[in-house]
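Notes to accompany the following structure.
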Amino acid sequence: MQVAPRGAAHSTYGQSQVLGGIIINMTLLPTFIKVEKEEEFVDVGGGDLWVDVLHETLKHGLTPRSWTDYLYLTIGGTLSVGGISGQSFKHGPQISNVLELDVITGKGEFVTCSEEKDSDLFYGVLGGFGQFGIITRARIILQSAPKLVKWVVISYKSFEQFRKDQELLINGGEVDYLEGFINLQRRNSTEDKLNDLVSYLIEFAVYYDDEDVAHKKLNHILPRLNYKESRPEITDTSYFDFLNRVRKSELELSKEGLWNVPHPWLNVFVPRSQIKRFKNLLLESIADTYTSGPIIIYPIFRNKWNPKMSAVLPQVDTEEDIIYVVSVLQSAPPTCTRGTPCLDTMLLQNQKIIDIATTEPKVLNLLLPAECVMNEDMEEMGAKQYMPYLQNEIQWKAHFGWKWERIQDLKRRAITPLKLYFDDGVAYYDDLEHKLSQILRGTKRKGLDIKAFMIRRGAESRALRSSALGFSPSKHYNIGVLGNKVPKLSGTQSRALGFTSLKSSGAQCQGIV
């Protein structure tokens, strides 16, 4: 039985859904937010929202260091994917700001883990897409909270200058937040030149309590930037309102009926050496169909991400510390619904961009399994998807790259009974189930009618269809067969399943595997 945790339901492509399985609504779990002011951390429930954490920590003059742009997301949700925003260059993603986790594993075990205790599970869960367990509590690092923010926006026409100034700002370390945006006007004619339709914005923030200190900092930052087309727009706002800025846009779009529409989003990490090529590919691909929604592009530092975590960054140019986050957060028109040509076109455009951008350079392809190497004719960039939408094991292998074996090893140790083995198009959760299914297919070929299994562990038992087995390997399981005919297994077959003796497991069971 497949199980999927569902937080605030903001994942893309139905990633928090599971057909024929169980969805756990994390927002219905008990809410708790406990601030430890002296030690500067907060314990929060996996189903709590980041906006509620912000409200509570500010009461103590404290705040988490790293955020997402939108705060109405669950703690467990963002920690399962990464959690990125304009603070990531300085403090890393949200998964780099966690001290401890409580996790319910696929075996049903409650585990408290950290860098020092059960570290494999700790690192595996962070950015692990919920594959190793469900986060029920997280301990988040806090720091002193500022009261106010200088919010600065600068316009550019040159992409190269836009890029250089972003990198200058993050290398200087004086700003507390930085993101960049591409403003794109839809191309309505073949005579429209793409460069005339595009401009760029740098958005950065300086946190402060003292006005004079903030002014001195800006007077040091701004003269070093090479903007020519405009003057900086500077807004003073509260720290809370700045972090919660997207909420205002959400409410405005909701009133106009433009929020609850399809969002064919695209999120990738791009190597610094490929960012100009990727930008050109992106704009040429969407210029004729783009409707609305932010196009975000900004640099972060690779060294702020712990490679032990499951989250994946580009595996090319690893000596280059800067990589780029690119998020195309398009909103489809209200009439552009599922199954319509306009939405299909947007999704196909996204997939084309992903296929080209995530193709690994030929040198790296030599290190991958042959089935993971994509079309050699593509102009490979070595990008990686953030919150990837992948459909088979080959794609997942290519995505995780050198981390794949570690992911497999973590699953083999029965941390979770999720998909691992693929055989004849069927996914199996663990080695025991795979062996069992092979034996059963053999009995079916002999004309035996096996309808279901009874799985027992101690006093607990449950009946499952053979196509929906979801148990973990354990010495203490007795597996009974329900059906009109029962297979006779050899000693070798029974030992392969981990059983050394055969005995009745109940009156309903006519035989034992």
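The values are calculated or read from the model by the stated rules, or taken from the named source; none is laboratory data. In this text the structure is predicted, and so the values were computed from the model without any measurement. In this analysis, Cβ positions are derived from the backbone assuming ideal geometry, glycine residues included, and neighbour counts consider all displayed protein chains. Quick note on the areas: whole protein, heavy atoms, side chains included, nothing else; ligands and nucleic acids left out. Shrake-Rupley method; radii C 1.70, N 1.55, O 1.52, S 1.80 Å.
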Every residue in the range 148-172 that is in contact with a Leu (Cβ under 8 Å, 6 or more places away or on another chain) and among the aliphatic types (A, V, I, L, M), please. V152, V153, I154, L168, L169, I170
Restrict the check to the range 24-37 and report whether at least one residue is of a type in the set (V, I, T) and under 27 Å from A205 (Cα atoms). yes
Can you say whether T74 is open to solvent by less than 10 Å² (accessible area, probe 1.4 Å), touching a strand residue (DSSP E or B) at 6+ places or on another chain (Cβ under 7 Å), β-branched (V, I, T) and modelled with pLDDT of 95 or more, as far as the supplied structure shows? yes
Looking only at the range 398-418, filter to residues that are within 19 Å of the chain's Cα centre (by Cα) and not in a helix (DSSP H, G or I); which one of those is modelled with the lowest pLDDT? L418
If the requirement is being more than 24 Å from A9 (Cβ to Cβ), open to solvent by less than 10 Å² (accessible area, probe 1.4 Å), of a type outside the set (F, W, Y) and in contact with a helix residue (DSSP H, G or I) (Cβ under 7 Å, 6 or more places away or on another chain), which of these qualifies: L266, L313, L282? L282
Could you list, in sequence order, all residues of the range 339-368 that are part of a loop (DSSP other than H, G, I, E, B), at pLDDT below 90 and under 24 Å from the mean Cα position of the chain (by Cα)? E360, P361, L368
Kindly evaluate Q385 against the criterion of being crowded, with 16+ Cβ neighbours inside 10 Å, at pLDDT 85 or above and under 22 Å from Y13 (Cα atoms). yes
When residues of the range 196-227 are filtered for being closer than 16 Å to Q166 by Cα and either surrounded by 14 or more Cβ atoms within 10 Å (Cβ to Cβ) or in contact (Cβ under 8 Å) with a residue 60 or more places away in the chain (or both), how many remain? 14
Unique match (being closer than 26 Å to S88 by Cβ and open to solvent by less than 30 Å² (accessible area, probe 1.4 Å)) among L253, L178: L178
Of (1) open to solvent by less than 10 Å² (accessible area, probe 1.4 Å); (2) farther than 30 Å from D120 by Cα, C342 satisfies all except one. Which? (1)
Looking only at the range 323-338, filter to residues that are open to solvent by 10 Å² or more (accessible area, probe 1.4 Å) and not polar (S, T, N, Q); which one of those is modelled with the lowest pLDDT? R338
Here is a check on your reading of the model: is D52 open to solvent by 60 Å² or more (accessible area, probe 1.4 Å), out of contact with any Pro (no Cβ under 9 Å at 6 or more places or on another chain) and without any contact (Cβ under 8 Å) to a residue 60 or more places away in the chain? yes
Name every residue in the range 13-43 that is under 25 Å from W265 (Cβ atoms), loosely packed, with under 15 Cβ neighbours inside 10 Å and touching a residue at least 40 places away in the same chain (Cβ under 8 Å), in order of residue number. Y13
Would you please name the residue that is nearest to the chain's Cα centre (by Cα), looking only at residues in the range 116-131 that are open to solvent by 10 Å² or more (accessible area, probe 1.4 Å), farther than 11 Å from K308 by Cβ and not aliphatic (A, V, I, L, M)? F129
Matching residues, the range 302-332, being of a type in the set (V, I, T) and assigned to a loop (DSSP other than H, G, I, E, B): V312, V316, T318
